[in-house]
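Some notes on the structure that comes next.
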Amino acid sequence: MSEIFSELQELAFQRRQQEAGAGDPPAEPAALTVSADDFSALEQRIVRAVEIVKRERQARIAAEERAAHAESQLQEQTPRFEHLEKELNALKGERDHVRQRVERLLAQLDALEL
């Protein structure tokens, strides 16, 4: 906000310099005079800044909603994932057990052939 006022003061100072000419001192050095063009330009910049802030807020709200939705989906999927992980570990254990039994049977068959 202070940047806008500083810019406005600078514009007003430049305008006074142009109106007064290079050799003449400004008529009102302490007063802040702003032309209609300067004020209009400032107004346009403020309107654009407000629009940008509104768009960014909407984008932030949408991002927060997507994050909340993703988090709820994660919470829903976590028990299923844990169940599948347990099932996978059980199947791996079962596979190892079957492998050991097959290896024992093969070892017994090898012993018969001797």
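A few comments on the model shown:
- Checked against the criterion of being of a type in the set (S, T, N, Q) and modelled with pLDDT under 95, segment 47-59 contains not a single residue that satisfies it.
- Test: residue in segment 20-32 that is out of contact with any His (no Cβ under 7 Å at 6 or more places or on another chain), outside any loop (DSSP other than H, G, I, E, B) and at pLDDT below 85: yes
The values are calculated or read from the model by the stated rules, or taken from the named source; none is laboratory data. What you see is a predicted model, and the numbers here were worked out from it, not measured in a lab. Note: ideal-geometry Cβ built from the backbone for every residue, glycine included; neighbour counts use all protein chains shown.
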